[in-house]
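Have a look at the structure below before the remarks.
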Amino acid sequence: MPKTVLTDAWLRSNTRRPRNDVLTMSDLVSQNLTVQIARSGRSNFLWRGRSGGKTQTIKLGTYPAYSLADARSWADATTVARDKGERIAPKQKSAVQPNLEAASDGPAAGTVRACFEVYMRFDGGRGKDGGKEKRSKFERLVMPVIGDRHIADVTADDLGAIIANFMEKYPNGGGANRLHAAIARMWRWLAFHPIGRQASGLKINVFAGAFKPSTEKSRTSFLGDQAIRYLYQSLELEPENWCAFYKLLLLTGARRSEISQLRKTNVLIERGIPYILLRSEDAKNDQYHIIPLSPAAAAQLEIARKLSGASPYFFPAGGDAISENPISGFTHRHNRIVDNMQAISQAENTGALPYWTLHDFRRTMRTFMSKVSVPKHIAEAIISHSGGKSRLDATYDLYEYFDEKTDALTKWGDWVNAITIDPERYLHPVIAYPVMPARRATEP
């Protein structure tokens, strides 16, 4: 039987699509877990193993009604029960229920903290970061307020107050909507999922129908040529790894997570041109993506490689050459860089710079592509957007535009080098930026 590391991306791509034959695949992560995809595209999680001298099969659940995390937990529990000599009944759905007390790992049963641990184990821990960002958000903002209270005593007003306090601290950010969504998803899971209801005892979702705290508007800010020059001057005050990180983000137009978590195995060479290969599980939008590196970007990546030592990441946490974790601490670092840029701008009497985020690098590069007449479908492909492609085009047009991307990114890298190395020759006369209030965000 073929084996692979089952992922949500793999399951989504193979589920609900008619097939010519039945596909059965074993999981390399959880022993005895198998997924069987019928000709109709229906995917079933199965436990298959030897018990009582016979090969037995237990149906655990159907994807996506049951998540991959649930299936692995139940499969592991079934295997443990088999090893203890307990009777394993064939063809029973979820024959072994998860141990919720073990999942809570210490907190008093029924408290928000205990229910959160159950939620993270069976649902909230999904995603590319294993739920680290979600856990950090709850530990900082939710648990200090209601973590030790019984979950049945928490009202919608209590949850609304947490979000209101966040909005008061960060009035201009979109983080309040992210916090609202995270809380809403947890309470919905605890109220309606069988495991969640067993752990929490909730019969209704008190947060159901709560309105989003604010209406988000599309950002339109980008860095002008002078701002890029100020950025490079400000980066001279930062450690080399952060300097290379910021410059590589700007020169590639990649997302923050795609560069911060970039592994050395993700960089390859084709015809002498280095490029970043982002597989579907590495990219935020689950799309396979190739980013050719211009000479300017390749130089920054080489600096990062030398600084990273034996770490699997180009940008390890704390700049530690043996760290097994990617770089972090973006908010503090970004605010310091922005403050330094403001100081440089004021020293040159060009006014206050509008606040910008790391994601604005993508808009900055995309704007330049239009300025130098790069075709729209090439510019969109560079930043991993569909570029208006229909579903049919996305299915059949699999050309990677490697050479076209390389030419466009080289133009961008050459221009950034020109305006930062010889600004008097290439920059237009300085125009003062409009005075805007300084802003802090939860994330750059």
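Structure values in brief
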item	result
Residue within region 9-24 that is touching a Gly at 6+ places or on another chain (Cβ under 8 Å), at pLDDT 80 or above and either assigned to a helix (DSSP H, G or I) or not small (Gly, Ala, Ser) (or both) present	no
Single unsatisfied condition, ASP21 versus (1) charged (D, E, K, R); (2) more than 29 Å from the chain's Cα centre (by Cα); (3) surrounded by 14 or more Cβ atoms within 10 Å (Cβ to Cβ)	(3)
Among the residues listed as LEU237, LEU250, the single one being in contact with a Phe, Trp or Tyr (Cβ under 7 Å, 6 or more places away or on another chain) and of a type in the set (A, V, I, L, M)	LEU250
Residue match in region 409-418 (condition: in contact with a Leu (Cβ under 9 Å, 6 or more places away or on another chain) and more than 24 Å from SER234 (Cβ to Cβ))	no
Candidates ILE276, ILE303 - the one that is under 30 Å from ALA9 (Cα atoms) and either assigned by TED's automatic domain parsing to the domain that holds ALA379 or in a helix (DSSP H, G or I) (or both)	ILE276
Exclusive hit being assigned to a helix (DSSP H, G or I), hydroxyl-bearing (Ser, Thr, Tyr) and surrounded by fewer than 18 Cβ atoms within 10 Å (Cβ to Cβ), set THR364, THR331, THR350	THR331
Check on VAL374, surrounded by 14 or more Cβ atoms within 10 Å (Cβ to Cβ), touching a helix residue (DSSP H, G or I) at 6+ places or on another chain (Cβ under 9 Å), modelled with pLDDT of 90 or more and not in a loop (DSSP other than H, G, I, E, B)	no
Region 313-333 - residue that is of a type outside the set (A, V, I, L, M, F, W, C) and in contact with a helix residue (DSSP H, G or I) (Cβ under 7 Å, 6 or more places away or on another chain) and, of those, nearest to GLU240 (Cα to Cα)	GLY319
Residue among TYR396, TYR426, TYR433 that is more than 24 Å from ARG336 (Cβ to Cβ), among the hydroxyl-bearing types (Ser, Thr, Tyr), at pLDDT below 70 and over 25 Å from the mean Cα position of the chain (by Cα)	TYR426
Test: residue in region 244-256 that is out of contact with any helix residue (DSSP H, G or I) (no Cβ under 6 Å at 6 or more places or on another chain) and more than 30 Å from THR7 (Cβ to Cβ)	no
Inter-residue pairs, beta-carbon under 6 Å, first over 13 Å from GLU236 (Cα atoms) and in region 332-347, second at pLDDT below 90 and among the hydrophobic types (A, V, I, L, M, F, W, C), 6+ apart	GLN342/LEU353; SER345/LEU353
Filter result for the condition that a residue is over 18 Å from SER257 (Cβ atoms), in contact with a Phe, Trp or Tyr (Cβ under 9 Å, 6 or more places away or on another chain) and of a type in the set (D, E, K, R), over GLU380, GLU348	GLU348
Candidate set: region 261-297, residues that are over 30 Å from ARG391 (Cα atoms) and of a type in the set (Gly, Ala, Ser); chosen: the one modelled with the lowest pLDDT	GLY272
Flag if PRO354 is touching a residue at least 40 places away in the same chain (Cβ under 8 Å) and within 29 Å of the chain's Cα centre (by Cα)	yes
Where THR78 falls short, out of the listed (1) in contact (Cβ under 8 Å) with a residue 40 or more places away in the chain; (2) farther than 22 Å from MET120 by Cβ; (3) out of contact with any Lys or Arg (no Cβ under 7 Å at 6 or more places or on another chain)	(2)
So ARG229, is it basic (Lys, Arg), assigned to a helix (DSSP H, G or I) and more than 26 Å from GLU324 (Cα to Cα)	yes
Residue match in region 202-221 (condition: of a type in the set (A, V, I, L, M), in contact (Cβ under 8 Å) with a residue 60 or more places away in the chain and crowded, with 17+ Cβ neighbours inside 10 Å)	no
Checklist (1) under 30 Å from THR350 (Cα atoms); (2) in contact with a Phe, Trp or Tyr (Cβ under 7 Å, 6 or more places away or on another chain); (3) not assigned by TED's automatic domain parsing to the domain that holds GLN300 applied to PHE245, failing item	(3)
Among residues of region 250-273, those that are assigned to a helix (DSSP H, G or I) and either in contact (Cβ under 8 Å) with a residue 24 or more places away in the chain or more than 17 Å from the chain's Cα centre (by Cα) (or both), counted	10
Any hit, region 37-50, residues being in a loop (DSSP other than H, G, I, E, B) and of a type in the set (Val, Ile, Thr)	no
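Results for (1) on the phi < 0 side of the Ramachandran plot; (2) modelled with pLDDT of 90 or more; (3) surrounded by 14 or more Cβ atoms within 10 Å (Cβ to Cβ), shown as yes or no for each residue.
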site	(1), (2), (3)
ALA299	yes, yes, yes
GLY309	no, no, no
ALA317	yes, no, yes
ALA343	yes, yes, no
HIS385	yes, no, yes
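The values are calculated or read from the model by the stated rules, or taken from the named source; none is laboratory data. Owing to the predicted nature of the structure, the values given are computational and were not obtained by experimental measurement. Cβ sites come from the backbone with ideal geometry, for glycine too, and all protein chains shown count toward neighbours.
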